[in-house]
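Participant: Sharing a structure below in structure tokens format, with a few things to ask.
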Amino acid sequence: MKHRALLAALVVALVVSACGGDDDDTGTDPAEADPVGLVAIGNSGLTGHNSDPDHPNEPVLENSWATGTNPEINSIYQRLVALQPEIEGHVANAAVGGARAEDLIEQATRALEDVPAPALIIIQGLENDFTCDGDVAAGAAEYGATIAEALEFLTTETPNSRILIVGWTSRPSPAAIEAIVTSDPDVKDDITGPGVCDFYNSAGALAPENFETMTGFIEEYEAAQAEACADIPQCVTDEGALAQYNDTLDKISADYTHLEVEGLAEVAELAWPVVAAFLEIEPVASS
């Protein structure tokens with residue numbers, strides 16, 4: 001990969017000034033500190049869960065699309081370090097499998113102990129709050145309100161940090177579901193039923209209308225988090241970038257929920273232009 005020089009804006013945003021001041025800013029008020037580094041909070045989408053066959057059903061943080069160090073991933077963190085090596089080590093990933101929006105403040109508290117004033121905070125946390133049951137509009141509104149509380153906490157604790165909230169990775173795909181069921185027929189029972197988000201109806205036939213319904217519900221939740229983000233000047237969403245991810249069987253892990261290394265690398269590639277634009281830096285073309 002060929003790396004371009006970092007623009008002056010990133011020098012200000014991502015590195016501690018080398019001209020004057022203490023080398024160690026421990027104890028510096030985050031409101032006064034130059035933002036440096038990257039923090040990730042949210043669910044297992046950020047942890048590389050189940051992406052290493054040698055560590056099944058475990059988080060594999062080196063494979064995180066946001067903060068990982070596996071060169072096969074080329075994570076957001078790796079791309080930033082490639083542009084400005086001085087930020088290396090200024091990274092914290094406090095995401096936890098199964099986490100909900102209500103867990104973000106606790107995660108942020110832990111992450112900010114390691115990186116008190118990050119230049120960028122990435123939040124991925126929609127999936128475990130999402131539901132197709134009951135009043136979906138009310139559920140989405142509650143989720144949005146909880147995200148707003150987390151954003152208020154973050155902007156109070158580290159007001160100079162920028163916050164990127166990403167949406168659902170991919171969209172429900174009949175082709176992907178059929179490929180999974182063809183590969184592992186036992187899975188079909190778990191996704192068959194009378195519900196509006198069951199991929200197969202009670203007769204065992206694929207239900208295309210349910211894919212559309214679930215997509216609409218996902219976008220309702222995404223709209224709720226976008227609304228919360230819009231109230232914060234230093235917050236943006238990915239504006240559907242991760243929704244462009246295309247599930248294929250070779251990129252899905254053995255649990256059919258998480259991603260293999262190839263899939264995680266693709267997510268990083270989709271997210272990078274959003275990050276580069278947000279931080280006002282030049283995207284680095286993949287080699």
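Participant: I need two numbers for segment 35-186: Rg to one decimal and Dmax as a whole number, Cα atoms only, in Å.
Facilitator: In order Rg, Dmax, the Cα atoms of segment 35-186 give 16.8, 50 Å.
Participant: Also: First measure r as the distance between the Cβ atoms of residue 201 and residue 223, then evaluate 1/(1 + (r/R0)^6) with R0 = 35 Å and state the FRET efficiency to the nearest 0.05.
Facilitator: Details: r = 28 Å, r/R0 = 0.79.
The formula returns an efficiency of 0.80 here.
Participant: For the chain, take the longest principal axis of its alpha carbons; what is the angle in degrees between that and the long axis of helix 261-278, to the nearest 10 within 0 to 90?
Facilitator: 50 degrees
Participant: Here's a follow-up. Along each of the three principal axes of the Cα atoms of the chain, give the extent in whole Å, ordering the values from largest to smallest.
Facilitator: 71, 41, 30
Participant: Okay, moving on. Once you order the gyration tensor axes a ≥ b ≥ c over the Cα atoms, which shape class does segment 202-287 get: rounded for a/c under 1.5, otherwise prolate or oblate by comparing a/b with b/c? Mind dumping the intermediate values first?
Facilitator: Details: a/c = 3.06, a/b = 1.32, b/c = 2.32.
It comes out oblate by the Cα gyration axes.
Participant: Just order 149-157, 265-273 by mean Cβ neighbour count inside 10 Å, highest at the front, would you? Before the final figure, lay out the partial values.
Facilitator: On the way: 149-157: 18.0, 265-273: 20.2.
Most protected by this proxy first, the peptides run 265-273, 149-157.
Participant: Please label the shape of segment 29-111 as rounded, prolate or oblate, based on the square roots a ≥ b ≥ c of the eigenvalues of the alpha-carbon gyration tensor (a/c under 1.5 means rounded; beyond that, a/b larger than b/c means prolate, else oblate). If you can, show how the numbers build up before the last one.
Facilitator: On the way: a/c = 3.07, a/b = 1.19, b/c = 2.59.
Oblate, because a/c is 1.5 or more while a/b does not exceed b/c.
Participant: Using a 1.4 angstrom probe with every protein chain in place, what is the largest-first accessible-area order of 88, 239?
Facilitator: Details: 88 125, 239 165 Å².
Order by accessible area, largest first: 239, 88.
Participant: Sticking with this one: Can you bin segment 141-287 into rounded, prolate or oblate? Criterion: square roots of the alpha carbon gyration tensor eigenvalues sorted a ≥ b ≥ c, rounded for a/c under 1.5, prolate for a/b above b/c, oblate for the rest.
Facilitator: Working: a/c = 2.86, a/b = 1.59, b/c = 1.80.
The shape class here is oblate.
Participant: Test of understanding: what is the full-extension gain from residue 160 to residue 142, defined as 0.36 nm times their sequence separation minus their Cα-Cα distance? Walk me through the numbers on the way to the answer.
Facilitator: Details: separation 18, 0.36 × 18 = 6.48 nm, distance 2.69 nm.
This chain segment gains 3.8 nm when fully extended.
Participant: Kindly provide the Kirkwood hydrodynamic radius of segment 107-200 in Å, to one decimal, from all pairs of distinct alpha carbon atoms.
Facilitator: 16.3 Å
Participant: Binning every alpha carbon pair distance of segment 73-153 at 5 Å from zero, what are the percents per bin?
Facilitator: 3, 13, 20, 20, 16, 12, 9, 5, 2, 1
Participant: Under the Karplus relation 6.51 cos²θ - 1.76 cosθ + 1.60, θ = phi - 60°, what is the ordered set of whole-Hz ³J(HN,Hα) values for segment 209-221, x standing for Gly and Pro?
Facilitator: Going residue by residue, I get 5, 6, 4, 5, 4, 5, 4, x, 5, 4, 5, 5, 5 Hz, with x marking Gly and Pro.
The values are calculated or read from the model by the stated rules, or taken from the named source; none is laboratory data. Everything numeric here is computed off the predicted structure, so don't read it as measured data. When we count neighbours, we look across all protein chains shown, and the Cβ atoms used for this are built from the backbone with ideal geometry, even at glycine. Each accessible area value is taken on the protein alone, full model and side chains, heavy atoms only, with ligands, DNA and RNA left out. Shrake-Rupley method; radii C 1.70, N 1.55, O 1.52, S 1.80 Å.
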